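Heads up: the structure comes next, in C-alpha cells.
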Amino acid sequence: MKIIWAITGAGHLLRESIEVLEKLSQKHRITITTTNAAQEVLQLYGQNTKIQEILEKNPENQLITEKEQQHSYPFAGKITHTKYDLIILSPTTANTTAKIVTAIADNLITNIIAQSAKAQIPAIIIPVDQKEGPTTTILPPHINKTNCTQCNKCIPACNFNAINPPHINQQKCTYCKKCEKTCPQNAIKIGEEITLHIRKIDAQNAKKLEEIENITTTTHPYNITRIIKKIEEKKKEN
C-alpha cells in the first residue's frame, strides 16, 4: 500500500506511533508528513532519529514537512489526483481533531484530511484526547536543574553516553533508568508519568470523528495493523 502517515504535535502515544510506523514501513511505501509542532515534539522525545532511520531503510519513503510546504500546501493538493491507498494520522492533537470535525483546513495535516475526503481515500485517526476526565501521559527524559548539583555520578551509569548534566540527549536515551537510580538528589526523571484532565469538548470532538465519511478512529496505534488488514480485505472483495 501507498500510505501517508501524518504526525501532529502530541507527545502522548508518539513513541508507540513511531514504533508502528517503523513496522509498516518494512512492508508499505510511506510518506511521512509533519506539522511544525510535530517537528519540535519529535526532537523533544528523541524520535527524529527514528524517522531518519525509517527514511534511510527504504529510499521510496519520504518526509514532507509543513515548513517546506509554505502556505499553499501543494503536497496536500496533489492527493486528489495522486494514488494513495490510506491516510494515517497518529498521534492527533485536540487542536487538529477540532479542526477536522469543523472542516477547517488551514495547515498541512488538516489539508491532507480534507483532500483525502474529496478523493475518498480512507483515513485512520488516533486522537490523544479520547475520554473526558483524568488521563496519564509520559514526559520525555529530563533533569531538574534546581535539584541537580552536577556531581556527575550519573555519567558513568549511562551505557549510551546520553547524559551530560544538566542535559539528557533525547536521541541516545533508551529509558533504562540507570542514571535516575544513581542520582543522590533525585533530579533525573526518566519516563515520568503525569496526570492531565481531558476536557469534555475535546472528548466530544474525538467522538465526532467517527461520524465523518471514510474516517476510522481507534484508541491506540497498536490497533492500526488490524484496521489495515480489514481495509485490504475489503479492497479485495471489491
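Computed from the coordinates by the stated procedures, all read-outs in this text should not be read as laboratory data. Everything quoted here is computed from the prediction, not taken from an experiment. In this analysis, Cβ positions are derived from the backbone assuming ideal geometry, glycine residues included, and neighbour counts consider all displayed protein chains.
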| Residues in segment 162-181 near a label at Gln150, defined as backbone nitrogen under 18 Å from the 7 Å Cα→Cβ point? | 162-169
| query | What chymotrypsin sites (Phe, Trp or Tyr not before Pro) does segment 158-238 have in DSSP loop regions with at most 16 other beta carbons within 10 Å? | reply | Phe160, Tyr175
| task | Please compute the net charge surrounding Thr34, taking Lys and Arg as +1 and Asp and Glu as -1 over other residues with Cβ under 14 Å from its Cβ. | result | -1
| request: Note down the magnitude of the dipole of the chain about its Cα centre, charges +1 on Lys and Arg C-beta and -1 on Asp and Glu C-beta and zero elsewhere, to the nearest 20 debye. | output: 380
| task | May I ask which of Lys23/Lys229; Lys2/Lys131; Lys57/Lys177 have a Cα-Cα span longer than 25 Å here? | result | Lys2/Lys131; Lys57/Lys177
| What is the calculated FRET efficiency for Asn161 to Gln204, with r their C-beta to C-beta distance and R₀ = 35 Å, to the nearest 0.05? | 0.15
| query | What residues have an amide H closer than 5 Å to that of Thr216, excluding those fewer than 5 places away on the same chain, when H is modeled at 1.01 Å from N in the peptide plane? | reply | Ala123, Ile124, Ile125
| message | Using a 4.7 Å cut-off between beta carbons, which cysteines in the chain end up with no partner cysteine at all? | response | Cys148, Cys151, Cys158, Cys173, Cys176, Cys183
| FRET efficiency estimate (nearest 0.05) - Cβ-Cβ, Thr174 to Ile231, R0 35 angstrom | 0.55
| remark: Assertion target for Leu86, Leu55, ordered by fewest C-beta neighbours within 10 angstrom first, is Leu55, Leu86
| request: Give, as ranges by residue number, the residues of segment 210-238 whose backbone N falls under 12 Å from the point 7 Å along Cα→Cβ of Lys27. | output: 224-233
| request: For every other residue with a beta carbon closer than 15 angstrom to the beta carbon of Thr216, add +1 if it is Lys or Arg and -1 if Asp or Glu, then tell me the sum. | output: +1
| note | The summed charge of the Thr135 Cβ neighbourhood (under 12 Å; Lys/Arg +1, Asp/Glu -1) stands at -2
